[in-house]
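Reading through the structure tokens given below for one structure.
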Amino acid sequence: LNSRLAEFGTTIFAEMSALAVATGAINLGQGFPDTDGPEEVREAAVRALRDGRGNQYPPGPGVPELRAAIAAHQERRYGLTFDPDLEVLVTAGATEAIAASLLALVEPGDEVIALEPYYDSYAASIALAGGTRVPVTLRPDGDPGTGGAAAGRRFTLDLDELRDAVTPRTRLLLLNTPHNPTGTVLSRAELAEIARLAVEHDLLVVTDEVYEHLVFDAPGHLPLATFPGMRERTVTISSAGKTFSFTGWKVGWVTAPPDLIAAVRSAKQFLTYVSSGPFQYAVAEALALPDAYFTAFLDDMRAKRDLLASGLAAAGFAVHRPAGTYFVTTDIRPLGQEDGIAFCRALPERAGVVAIPNAVFYDHRDAGAPFVRFAFCKRTSVLEEAVARLKSL
Ligand code: PMP
Ligand code: GLN
């Protein structure tokens, strides 16, 4: 393994999902739903397969039907207009979109600012691109509290810290809202300030918005590209995995101005060349589902969030109730524990539940040590059973 990747090892998701399989524990670690997405979308994939659409290499930028559907979705939801031929690129999940964006836009030695804790592929993709990551740490606001008392406390971005992190070497900001693993949704005021900073320093922003349909409160998701000066400097990434509960399909996309899309496409063509064909046609149909689908999905996940958050609080965790995503971050100190990594390694044996230690998403591991993430994109009965087990800790 070369020096760029040597520090990364195996992803925490693979390690913890393997532990779940080995111990038979309930897997609230890796974020994937235990119920597949809409039947009609699955049927659309089957139809595409049968009709021979996409069984041979689809076009490099993605099939026209999907690019048109992505552009129509951005316009319908957010009033953002993108030219499907020049400003939309289909990728193999958001993961490839992130990697291709960084490979295309970062010069060796450039600094990339990212909000810490960050999704684990960010650090590896920055490293592959030869960039230097500059973490800006999200910290819980308010008093630490005990037990359920932290409910509602938010992991907050210190805008002064973000401003101080910018240097002449900063090339881009890698943003994620709604934020995995903390559940933070950046506010309009925070996004406006980030936009001002990007314009002032002429920075590019790559924004990972895969949880765009999982924002629980008004005003809902606010894409950074809608802020003044950002449409022309923002690479927006999303994915069908979360929104339609088909994480195994690996259909993601990028929307950006033509020059940035062309750059990202240059990298993508040598990573996967194209993404899987039949699923692209199915996702095109999914994006055109009526608003009722998106509302029902959100309502269902909100109920699951409430169930798991209150259950974890009753089990003695301090709970940071998420405003978005399908993860809830807890603090294990009220349980008399401090080391989330050790806690998560022992949890399957102790309680028959798998969770993810947030520390692995930090450069400053100490800052993340007591935090543990649970996924709630699971059936109600599974969440109830997990809570019952955790109460016996
Ligand atoms: N970004 C974030 C913040 C994620 O949580 C995930 C994974 N679920 C991804 C990107 C990767 O998405 P995909 O499965 O579409 O590659
Ligand atoms: N994004 C999902 C999570 O955060 C899992 C993705 C993965 O396994 N790489 O849990």
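The values are calculated or read from the model by the stated rules, or taken from the named source; none is laboratory data. Given the structure is predicted, the values throughout are model-derived calculations rather than measurements. Cβ placement follows ideal geometry from the backbone for every residue including glycine, while neighbour counts extend to all protein chains displayed.
Considering only residues of the range 25-43 that are within 15 Å of ligand 1 (Cβ to nearest atom) and polar (S, T, N, Q), which is modelled with the lowest pLDDT?
Restricting to residues being within 15 Å of ligand 1 (Cβ to nearest atom) and polar (S, T, N, Q), the top hit is Gln30.
Filter the range 337-362 for residues that are under 24 Å from Thr137 (Cα atoms) and more than 18 Å from the chain's Cα centre (by Cα); which is surrounded by the fewest Cβ atoms within 10 Å (Cβ to Cβ)? If you could, list the steps in order and put the result at the bottom.
Step one: list which residues in the range 337-362 are under 24 Å from Thr137 (Cα atoms), which gives 337-344, 355-362.
Subsequent filtering for residues that are more than 18 Å from the chain's Cα centre (by Cα) retains 337-344.
Numbers: Gln337: 17, Glu338: 12, Asp339: 15, Gly340: 27, Ile341: 17, Ala342: 14, Phe343: 20, Cys344: 25.
Ranking the candidates gives Glu338 first.
Here is a yes/no grid of residues against (1) in a strand (DSSP E or B); (2) near ligand 1 (Cβ under 10 Å from one of its atoms):
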{"position": "Val185", "(1), (2)": "no, no"}
{"position": "Leu191", "(1), (2)": "no, no"}
{"position": "Val210", "(1), (2)": "no, yes"}
{"position": "Gly220", "(1), (2)": "no, no"}
{"position": "Arg231", "(1), (2)": "no, no"}
{"position": "Val235", "(1), (2)": "yes, no"}
{"position": "Thr247", "(1), (2)": "no, yes"}
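For the structure I just gave you, tell me whether Arg171 is more than 16 Å from ligand 1 (Cβ to nearest atom), in a strand (DSSP E or B) and on the phi < 0 side of the Ramachandran plot.
Working: more than 16 Å from ligand 1 (Cβ to nearest atom): yes; in a strand (DSSP E or B): yes; on the phi < 0 side of the Ramachandran plot: yes.
Considered against the rule, which asks whether it is more than 16 Å from ligand 1 (Cβ to nearest atom), in a strand (DSSP E or B) and on the phi < 0 side of the Ramachandran plot, Arg171 comes out as yes.
So how many residues does the range 1-33 have that are of a type outside the set (A, V, I, L, M, F, W, C) and within 13 Å of ligand 2 (Cβ to nearest atom)? Full working, then the answer.
From the range 1-33, those of a type outside the set (A, V, I, L, M, F, W, C) are 2-4, 7, 9-11, 15, 17, 23-24, 27, 29-31, 33; that's our starting set.
Retained after the next criterion (residues that are within 13 Å of ligand 2 (Cβ to nearest atom)): 10-11, 15, 17, 27, 29-31, 33.
Here the count works out to 9.
If the requirement is being part of a loop (DSSP other than H, G, I, E, B) and exposed (fewer than 15 other Cβ atoms within 10 Å of the Cβ), which of these qualifies: Pro59, Pro33?
Exactly one of Pro59, Pro33 is part of a loop (DSSP other than H, G, I, E, B) and exposed (fewer than 15 other Cβ atoms within 10 Å of the Cβ), namely Pro59.
Table: residues versus (1) more than 18 Å from the chain's Cα centre (by Cα); (2) β-branched (Val, Ile, Thr).
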{"site": "Asp164", "(1), (2)": "yes, no"}
{"site": "Leu173", "(1), (2)": "no, no"}
{"site": "Asn180", "(1), (2)": "no, no"}
{"site": "Thr184", "(1), (2)": "no, yes"}
{"site": "Ser187", "(1), (2)": "no, no"}
{"site": "Glu190", "(1), (2)": "yes, no"}
{"site": "Arg196", "(1), (2)": "yes, no"}
{"site": "Val199", "(1), (2)": "yes, yes"}
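Only one of these is within 16 Å of ligand 2 (Cβ to nearest atom), in contact (Cβ under 8 Å) with a residue 60 or more places away in the chain and outside the structural domain of Ala346 (by TED's automatic domain parsing): Ala92, Ala45, Ala71. Name it. It would help to see each step written out before you state the result.
Details: Ala45 fails: within 16 Å of ligand 2 (Cβ to nearest atom); Ala71 fails: within 16 Å of ligand 2 (Cβ to nearest atom).
Only one candidate passes the filter, namely Ala92.
Which one is nearest to Gln74 (Cα to Cα), of the residues in the range 226-252 that are away from ligand 2 (no atom under 16 Å from the Cβ) and in contact with a Ser or Thr (Cβ under 7 Å, 6 or more places away or on another chain)?
Filtering the range 226-252 down to residues away from ligand 2 (no atom under 16 Å from the Cβ) leaves 226-236.
Subset that is in contact with a Ser or Thr (Cβ under 7 Å, 6 or more places away or on another chain): 234-236.
Values: Thr234: 14, Val235: 13, Thr236: 11 Å.
Result: Thr236.
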